[in-house]
Amino acid sequence: MDPVSSLIASAKIPVGRWGKAFFDFLTRNFEWLFDSIANGLTVILDGLVDFLLWFPPVVVVAAVGLLAWRLQRSVKLGLGVAIGLLFIINQGLWKETVETLVLVVAAAAASMAIGVPIGIWAAHNQRAYRILQPVLDLMQTMPTFVYLIPVLILFGLGIAPGLIVTVIFAAPAPIRLTYLGITSVPKPMLEAGEAFGATRRQLLWKVELPAALPTIMAGLTQCIMLCLSMVVIAALIGANGLGKPVVRALNSVNIPLGLEAGLAIVVLAIILDRISRVRT
């Protein structure tokens with residue numbers, strides 16, 4: 001190493017030590033809070049999994065197929081969804097699929113509940129969006145494994161930290177796309193609403209959100225795909241689901257198990273993508 005680089009390296013900024021001190025402070029003073037959050041989320045998510053597993057799998061398959069038909073008005077889609085889920089049952093991965101489905105739906109719902117209001121707020125406050133931009137860039141570009149360290153320290157192992165990691169990873173998508181949808185509403189449309197005496201709240205609910213809905217729904221679809229991409233990562237910190245057989249297959253070089261679990265994830269991704277699309 002040249003002298004200049006050695007000099008720079010000798011004055012290393014102790015970012016890691018500061019981070020450790022910060023998380024030590026959190027665990028020392030707020031461990032009860034993080035344990036309560038983790039336990040509460042675990043009870044809710046495990047309860048949803050047990051509820052769905054209580055029904056015969058064929059009944060759930062029929063219900064999801066009917067839901068797909070009802071939302072998209074497509075008999076072909078309903079039959080395709082049913083066939084995909086029956087394939088998963090045939091591969092012996094029904095329980096893991098239900099666990100993954102609950103995690104993905106919960107994470108996507110939480111991400112949308114966080115992301116849409118923040119996106120609306122940022123669209124009406126450019127200063128706030130300028131502050132949010134680097135934070136969103138950090139959330140989207142930081143390697144997912146880096147999230148695991150602080151989350152494990154604060155929340156331990158299980159499905160709750162898996163949910164939290166997934167929400168952190170997926171939330172920027174609905175924020176950005178909601179912001180894009182609201183800011184892309186044509187000005188003449190807003191001016192027409194104002195001319196008819198609409199208040200700011202009425203403009204939001206009657207003009208901006210309906211016009212931005214396709215973009216917001218694209219954010220939902222992207223959010224679901226991002227949540228599914230975290231399935232294997234979540235399995236590494238104790239979250240059950242289709243990620244566990246993938247990890248087992250990777251550790252034991254079990255090609256059949258890896259293909260079965262991988263195809264189940266693909267089928268679930270296609271089903272959720274088709275169901276969540278805006279019908280035109």
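Using label points projected 7 Å from each Cα along Cα→Cβ, tell me how many nm separate N29 and L138, to one decimal.
1.9
Using 0.36 nm per residue, how much length does the chain from I37 to K95 gain when fully extended, once their Cα-Cα distance is taken away?
On the way: separation 58, 0.36 × 58 = 20.88 nm, distance 2.48 nm.
Contour length minus Cα-Cα distance gives 18.4 nm.
For the range 64-106, rounded, prolate or oblate, judged on the Cα gyration tensor with a ≥ b ≥ c (square roots of eigenvalues), a/c < 1.5 rounded, else prolate if a/b > b/c? If you can, show how the numbers build up before the last one.
Values: a/c = 4.05, a/b = 1.44, b/c = 2.81.
It comes out oblate by the Cα gyration axes.
Need one number: nm distance between label points at W54 and S74, each 7 Å from Cα along Cα→Cβ, rounded to one decimal.
The two pseudo-label positions are separated by 3.3 nm.
Roughly how many Å² is the accessible area per residue of the chain, as a whole number, for a 1.4 Å probe?
On the way: 15910 Å² over 280 residues.
On a per-residue basis, 57 Å².
Carbon and sulfur together cover what percent of the accessible area of the chain at a 1.4 Å probe radius? Walk me through the numbers on the way to the answer.
Numbers: 11120 of 15910 Å².
Solvent-exposed carbon and sulfur of the chain make up 70 percent of the total.
Which helices pass in the chain if a helix is a full DSSP H run, must span at least 27 angstrom along its long axis by Cα, and must have mean Kyte-Doolittle hydropathy not below -1.0? Intermediate values should be presented prior to the final figure.
Values: long enough: 15-54 (48 Å, 0.62); 94-123 (41 Å, 1.37); 209-229 (29 Å, 1.57); 255-276 (31 Å, 1.85).
Helix filter hits for the chain: 15-54, 94-123, 209-229, 255-276.
Could you state the number of Å between the C-alpha centres of the range 169-208 and the range 63-128?
25
Answer with one residue from L79, I216, V185: the one whose Cα lies farthest towards the positive end of the charge dipole of the chain, charges on Cβ with Lys, Arg +1 and Asp, Glu -1.
Going by the charge dipole, the pick is V185.
The values are calculated or read from the model by the stated rules, or taken from the named source; none is laboratory data. This one's a predicted model, so the numbers in the text were calculated from it and none came from an experiment. Virtual Cβ from ideal backbone geometry, glycine too; neighbours counted across all protein chains shown. Remember, those area values only see protein heavy atoms, side chains included, never the ligands or the DNA or RNA. Shrake-Rupley method; radii C 1.70, N 1.55, O 1.52, S 1.80 Å.
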